[in-house]
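*Asks:* Shown below is the structure under consideration.
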Amino acid sequence: MAVLELFQLGGFRSVPRQAGETSGELPGFCYRPVPTLSSENSRYHKIHDEVYKWFDIKFDKFGRTSSPEQTEVCHAIFQKLMENNWLTENTMQQLYCDTCQRFLADRLVEGICPNKTCNAPARGDQCEICSTMLNPTELIEPKCKVCKNTPRIRDTDHLFLELPQLTDKLVNYISETSVTGLWSQNAIQATNAWLKEGLKPRCITRDLKWGVPVPHEKYKDKVFYVWFDAPIGYVSITAGYTPDWEKWWKNPDNVELFQFMGKDNVPFHTIMFPSTLLGTGEKWTMMKTISVTEYLNYEAGKFSKSKGIGVFGNDAKDTNIPPEVWRYYLLMNRPEASDTLFTWADLQAKLNTELLNNLGNFINRVLSFVAKPAGAGYGSVVPDASNAESHPLTTKLVEKTSKLVDLYLDAMEKVKLKQGLKCAMAISGEGNAYLQDSQFWKLYKEDPATCAIVMRTSVGLVYLLACLLEPFMPSFSNEV
Ligand SMILES: [Zn+2]
Ligand SMILES: [Zn+2]
């Protein structure tokens, strides 16, 4: 089985925004390059690339959406939607700044939160204080962030994807795939919440200067809404990787698509993007499995990049804590079913009790004993052993380990990564108990044949652990 791993920079981040999110602060979306933004964009791309390398995260293609392929694929999909009559025109109201002579992106509108119990200063499409989702036209006393003048509401025509008419097709896809693809519970909940409200036509264009231009005479000065074209980035990035991209993307009988993301991005992947693909009437590879995480909170509060609260990718390497320890802690703490908490004390505790006292201790005891010179150990040669089945402790260990390996495989198949990691660590725990119960250091002189069974079995277990832990801590596995 071939696996293609893609990463799209900037496309799948923690806070979904509306119009105008294609700013310099969010890399990856500058399709019609503005020189300053473009260099900013490249700068972030490079930073992220380095962070992932440091964390031992590898991709076949670490892509971005500022590519000619993105425009090409996006336009082809758009044309299909037009041909199939899934797009309609409608008028929207948007804030326009007369001084700046442009429609204002959400993040460029500042005002007061309309929520009466809050009334805090707010910006763009969400109040950071009370979390209310906003339409910027609802902000009290709106101001243009650039020139501080009061913008006015102006009508503007846009294109809409007719989600209501696509609902039947979409519901078919969701009800079937959420079962066969073992969607995580939080993905199903978020999707159903949207469906329950009833789908409305979704605006797919924006009055912005940059983005993928809309190939339509009337709308040629507009660009596509970022959440319309960001998921198309998965396709275009594959197209930038191989001319055979359709073997991946138009081959649903032979390709399984897995996607991983935070819970706030779910509707774009279970509702919007599938509807877009279904609307083309073509045979696309649709997402099969979605693995969604809740939030990881920091000490007593929330991570906030803008407020500098938390520890981020580029800080991690400055801590001198090795990447495998970070990976272990973050995966063991992966918020699969509910929010989890990052604390430095917990990181230290897990490092000491789990990585050092359990895993490190087992591997070190086994390998250092084997490495001892003959007379005290085995001179770095794994001893031959026979009749292992005659040693009850060993047969018991084998039994327990096989069960744990089965559980591990099942968990990994279902993308329950944390459960998989726990199974591997439980095997290491069994290994420690086995060493302790067998009292191999006594057997070495008293019963060499049994000692050889114990050490040969233990070395096998070390090898097994290196394999099982490889997806979690590849550099550790390499070293072992
Ligand atoms: Zn508020
Ligand atoms: Zn202005």
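*Asks:* Identify the single condition in (1) crowded, with 17+ Cβ neighbours inside 10 Å; (2) at pLDDT below 95; (3) charged (D, E, K, R) that E354 does not satisfy, given that it satisfies every other one.
*Replies:* (2)
*Asks:* Looking at R102, R123, R107 in this structure, which one is surrounded by fewer than 21 Cβ atoms within 10 Å (Cβ to Cβ) and touching a Ser or Thr at 6+ places or on another chain (Cβ under 8 Å)? Walk me through how you get there before you give the answer.
*Replies:* Working: R102 fails: touching a Ser or Thr at 6+ places or on another chain (Cβ under 8 Å); R123 fails: touching a Ser or Thr at 6+ places or on another chain (Cβ under 8 Å).
The conditions single out R107.
*Asks:* For the range 262-277, check the following and say yes or no: at least one residue is touching a residue at least 60 places away in the same chain (Cβ under 8 Å), over 26 Å from M82 (Cα atoms) and of a type in the set (D, E, K, R).
*Replies:* Yes, there is a match, as at least one residue in the range 262-277 is touching a residue at least 60 places away in the same chain (Cβ under 8 Å), over 26 Å from M82 (Cα atoms) and of a type in the set (D, E, K, R).
*Asks:* Something else now. Being under 28 Å from S236 (Cα atoms), of a type in the set (D, E, K, R) and in contact (Cβ under 8 Å) with a residue 60 or more places away in the chain is the filter here, so list the residues in the range 78-102 that pass it.
*Replies:* First, pick out the residues of the range 78-102 that are under 28 Å from S236 (Cα atoms): 78-89.
Pick out the ones that are also of a type in the set (D, E, K, R) and you get 80, 83, 89.
If the condition is that a residue be under 28 Å from S236 (Cα atoms), of a type in the set (D, E, K, R) and in contact (Cβ under 8 Å) with a residue 60 or more places away in the chain, then K80, E89 are the ones that fit.
*Asks:* Further question: With the checklist (1) surrounded by fewer than 17 Cβ atoms within 10 Å (Cβ to Cβ); (2) in a helix (DSSP H, G or I); (3) of a type in the set (A, V, I, L, M, F, W, C) in hand, flag the one item A337 doesn't pass.
*Replies:* Every listed condition holds for A337 apart from (2).
*Asks:* Is at least one residue of the range 243-253 modelled with pLDDT under 90, in a loop (DSSP other than H, G, I, E, B) and within 28 Å of the chain's Cα centre (by Cα)?
*Replies:* The answer is no; no qualifying residue exists.
*Asks:* Being within 16 Å of ligand 2 (Cβ to nearest atom) and under 18 Å from E217 (Cβ atoms) is the filter here; which residues of the range 72-114 pass it?
*Replies:* Just the residues of the range 72-114 that are within 16 Å of ligand 2 (Cβ to nearest atom), to begin with: 94-111.
Those that are within 16 Å of ligand 2 (Cβ to nearest atom) and under 18 Å from E217 (Cβ atoms): none in the range 72-114.
*Asks:* Please go through (1) surrounded by fewer than 17 Cβ atoms within 10 Å (Cβ to Cβ); (2) within 29 Å of the chain's Cα centre (by Cα) for T395 and return the number of the only condition it doesn't satisfy.
*Replies:* (2)
*Asks:* Here's a follow-up. In the range 153-189, which residue that is charged (D, E, K, R) and either within 30 Å of L417 (Cβ to Cβ) or within 16 Å of ligand 2 (Cβ to nearest atom) (or both) is surrounded by the fewest Cβ atoms within 10 Å (Cβ to Cβ)?
*Replies:* E176
*Asks:* Can you confirm whether V171 is in contact (Cβ under 8 Å) with a residue 24 or more places away in the chain and part of a loop (DSSP other than H, G, I, E, B)?
*Replies:* no
*Asks:* Any residue in the range 378-388 that is part of a helix (DSSP H, G or I) and either of a type outside the set (S, T, Y) or loosely packed, with under 15 Cβ neighbours inside 10 Å (or both)?
*Replies:* Yes, the range 378-388 has at least one match.
*Asks:* Same structure, new question: Could you tell me how many of the residues in the range 272-288 are closer than 20 Å to V226 by Cβ, under 21 Å from the mean Cα position of the chain (by Cα) and among the β-branched types (V, I, T)?
*Replies:* Within the range 272-288, residues that are closer than 20 Å to V226 by Cβ, under 21 Å from the mean Cα position of the chain (by Cα) and among the β-branched types (V, I, T) number 0.
*Asks:* Of these, V370, V311, V292, which one is closer than 29 Å to A433 by Cβ and touching a residue at least 24 places away in the same chain (Cβ under 8 Å)?
*Replies:* So the residue among V370, V311, V292 that is closer than 29 Å to A433 by Cβ and touching a residue at least 24 places away in the same chain (Cβ under 8 Å) is V370.
*Asks:* Hey, any hits in the range 108-124 for a residue that's more than 14 Å from ligand 1 (Cβ to nearest atom), at pLDDT below 95, in contact with a strand residue (DSSP E or B) (Cβ under 8 Å, 6 or more places away or on another chain) and not basic (K, R)? Steps first, answer last, please.
*Replies:* Initial filter on the range 108-124 (more than 14 Å from ligand 1 (Cβ to nearest atom)): 108-109.
Subsequent filtering for residues that are at pLDDT below 95 retains 108-109.
So of that shortlist, the ones also in contact with a strand residue (DSSP E or B) (Cβ under 8 Å, 6 or more places away or on another chain) come out as 108-109.
This time we only want the ones that are not basic (K, R), so: 108-109.
Taking every residue of the range 108-124 in turn, at least one turns out to be more than 14 Å from ligand 1 (Cβ to nearest atom), at pLDDT below 95, in contact with a strand residue (DSSP E or B) (Cβ under 8 Å, 6 or more places away or on another chain) and not basic (K, R).
*Asks:* Identify, from the list H48, H75, the residue that is under 26 Å from the mean Cα position of the chain (by Cα), surrounded by 14 or more Cβ atoms within 10 Å (Cβ to Cβ) and under 30 Å from I237 (Cα atoms). Break it down stepwise before answering.
*Replies:* Numbers: H75 fails: under 26 Å from the mean Cα position of the chain (by Cα).
Of H48, H75, the one residue that is under 26 Å from the mean Cα position of the chain (by Cα), surrounded by 14 or more Cβ atoms within 10 Å (Cβ to Cβ) and under 30 Å from I237 (Cα atoms) is H48.
*Asks:* I want to confirm something. Restricting to the range 132-152 and keeping residues that are away from ligand 2 (no atom under 16 Å from the Cβ) and in a strand (DSSP E or B), which single residue is modelled with the lowest pLDDT?
*Replies:* In this case the residue turns out to be M133.
*Asks:* From the list T293, T280, pick out the single residue that is on the phi < 0 side of the Ramachandran plot, at pLDDT 95 or above and not charged (D, E, K, R). Working first, answer last.
*Replies:* On the way: T293 fails: at pLDDT 95 or above.
The unique qualifying residue is T280.
*Asks:* May I ask you to say which residue of T191, T177, T156 is part of a strand (DSSP E or B), more than 16 Å from ligand 1 (Cβ to nearest atom) and in contact (Cβ under 8 Å) with a residue 40 or more places away in the chain?
*Replies:* T156
*Asks:* Looking at (1) in a strand (DSSP E or B); (2) farther than 28 Å from M272 by Cα; (3) away from ligand 1 (no atom under 16 Å from the Cβ), which is the one condition that is false for T99?
*Replies:* Every condition holds for T99 apart from (1).
*Asks:* Also, I was wondering about something else. Which fully enclosed helices (runs of 4 or more DSSP H) of the range 427-480 have 2 or more residues being of a type in the set (S, T, N, Q)?
*Replies:* Once the helices (runs of 4 or more DSSP H) in the range 427-480 are filtered for at least 2 residues that are of a type in the set (S, T, N, Q), what remains is 448-468, 474-479.
The values are calculated or read from the model by the stated rules, or taken from the named source; none is laboratory data. No experiment lies behind these values; they were computed from the predicted model shown. Cβ: placed from backbone, ideal geometry, glycine included. Neighbour counts: every protein chain shown.
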